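Input: a single structure, listed below in structure tokens.
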Amino acid sequence: MHGLEREQKVFVAHCDILGMSSVLRRSSWDAWMLLGDLAAASASEELPITDESRAMLREKFFSDTIVIRTRDDSIGSLHTIVARTLELFRCALRHSVPLRAGIAYGSWFESETATKELFTGDALLRAYGIGETQQMMGVVVCDVVRERFIEKPFQLSSGLPVIKDYPVPVKGGGCQNRAVLNWPAICGNELRLVEPLSEKALSQHFYSFGRYETLDSSAKAKYSNTVGFIQAMANHSL
């Protein structure tokens, strides 16, 4: 196994459930049901991504985390992982599963035998790092992803940009200026489920996490930050 692996340069998306630990602390059964909802969301194929393009991706599902990687670092692979992450985000929202994610570029090592599957690389580390620090539902992308996408972008059917700059709220307080995916632009039908939009309406939609009145200040802040992000994208203010 060792010495036979080949380093690849790829794009990686690290996606997980925002606030999953709070559900686990309260009820293992609720956490298990939430994972089932995420699995159902991940099985959906709704965006116009061709079978050939989907074959450019590999997805690994463990616990509340989905790792998506490309086969190479071509612009086609980048477009596909961005589209697939948006698709996953929309389907998860419909299933009442709040996600956060990061997409990054870098190295990847992988080896698989009959009994073991090993993978690592700084692309995974970077995707995890930028995704986990945010305190809202969002998809943060690294600088390389932003630059390469802007060089050869695709647009949503609405004509809105896929990637925008945004002051992302992060752990420890404050914000970091980051590039993010404009996921609200493809979630019009799903966002109608939380109209009129408010922190409490989001909390009711994500019912597995408890009533809004019972949440701590950190959990409430995530809802508030997400509402602010959705409104900013809708107003095209950034």
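Filtering the stretch 155-173 to residues that are in a loop (DSSP other than H, G, I, E, B), more than 12 Å from Gln134 (Cβ to Cβ) and either at pLDDT 90 or above or not polar (S, T, N, Q) (or both) leaves Leu156, Gly159, Leu160, Pro161, Val162, Gly173.
If you check Gln231 against the conditions, is it part of a loop (DSSP other than H, G, I, E, B), under 19 Å from the mean Cα position of the chain (by Cα) and surrounded by fewer than 13 Cβ atoms within 10 Å (Cβ to Cβ)?
Judged against the criteria, Gln231 is not a match.
The condition of being closer than 21 Å to Ile49 by Cβ, of a type in the set (D, E, K, R) and surrounded by fewer than 19 Cβ atoms within 10 Å (Cβ to Cβ) holds for Lys152.
Each row is one residue, and each column tells you yes or no for (1) under 17 Å from the mean Cα position of the chain (by Cα); (2) of a type in the set (A, V, I, L, M, F, W, C); (3) loosely packed, with under 14 Cβ neighbours inside 10 Å.
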site	(1), (2), (3)
Val12	yes, yes, no
Arg25	no, no, yes
Trp32	no, yes, yes
Ala40	yes, yes, no
Ile49	no, yes, no
Glu59	yes, no, no
Thr65	yes, no, no
Asp73	no, no, no
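Can you find a residue in the stretch 54-63 that is free of Cβ contacts under 8 Å to residues at least 60 places away in the same chain, part of a loop (DSSP other than H, G, I, E, B), of a type in the set (A, V, I, L, M, F, W, C) and in contact with a strand residue (DSSP E or B) (Cβ under 9 Å, 6 or more places away or on another chain)? The answer is yes, given that some residue of the stretch 54-63 is free of Cβ contacts under 8 Å to residues at least 60 places away in the same chain, part of a loop (DSSP other than H, G, I, E, B), of a type in the set (A, V, I, L, M, F, W, C) and in contact with a strand residue (DSSP E or B) (Cβ under 9 Å, 6 or more places away or on another chain). State whether the residues of the stretch 197-216 include one that is hydrophobic (A, V, I, L, M, F, W, C), part of a helix (DSSP H, G or I), surrounded by 19 or more Cβ atoms within 10 Å (Cβ to Cβ) and in contact with a Cys (Cβ under 9 Å, 6 or more places away or on another chain). No, because not a single residue in the stretch 197-216 is hydrophobic (A, V, I, L, M, F, W, C), part of a helix (DSSP H, G or I), surrounded by 19 or more Cβ atoms within 10 Å (Cβ to Cβ) and in contact with a Cys (Cβ under 9 Å, 6 or more places away or on another chain).
Would a scan of the stretch 32-43 turn up a residue that is farther than 19 Å from Gly138 by Cβ and polar (S, T, N, Q)? Scanning the stretch 32-43, I find no residue that is farther than 19 Å from Gly138 by Cβ and polar (S, T, N, Q), so the answer is no. Residues of the stretch 177-196 that are of a type in the set (S, T, N, Q) and either in a helix (DSSP H, G or I) or surrounded by fewer than 20 Cβ atoms within 10 Å (Cβ to Cβ) (or both): Asn177, Asn189. Here's a check for you: in the stretch 123-154, which residue that is of a type in the set (D, E, K, R) and part of a helix (DSSP H, G or I) is nearest to the chain's Cα centre (by Cα)? Looking at the filtered set, the residue picked out is Glu132.
Residue-wise test of (1) crowded, with 21+ Cβ neighbours inside 10 Å; (2) touching a helix residue (DSSP H, G or I) at 6+ places or on another chain (Cβ under 6 Å).
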{"position": "Gly76", "(1), (2)": "no, no"}
{"position": "Thr85", "(1), (2)": "yes, no"}
{"position": "Cys91", "(1), (2)": "yes, yes"}
{"position": "His95", "(1), (2)": "no, yes"}
{"position": "Pro98", "(1), (2)": "yes, no"}
{"position": "Ala101", "(1), (2)": "yes, yes"}
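Residues of the stretch 70-122 that are aliphatic (A, V, I, L, M), farther than 24 Å from Gly36 by Cα and assigned to a helix (DSSP H, G or I): Ile75, Leu78.
The values are calculated or read from the model by the stated rules, or taken from the named source; none is laboratory data. Since the model is a prediction, treat every value here as computed from it, not as a measurement. We place every Cβ from the backbone using ideal geometry, glycine too, and count neighbours over all the protein chains shown.
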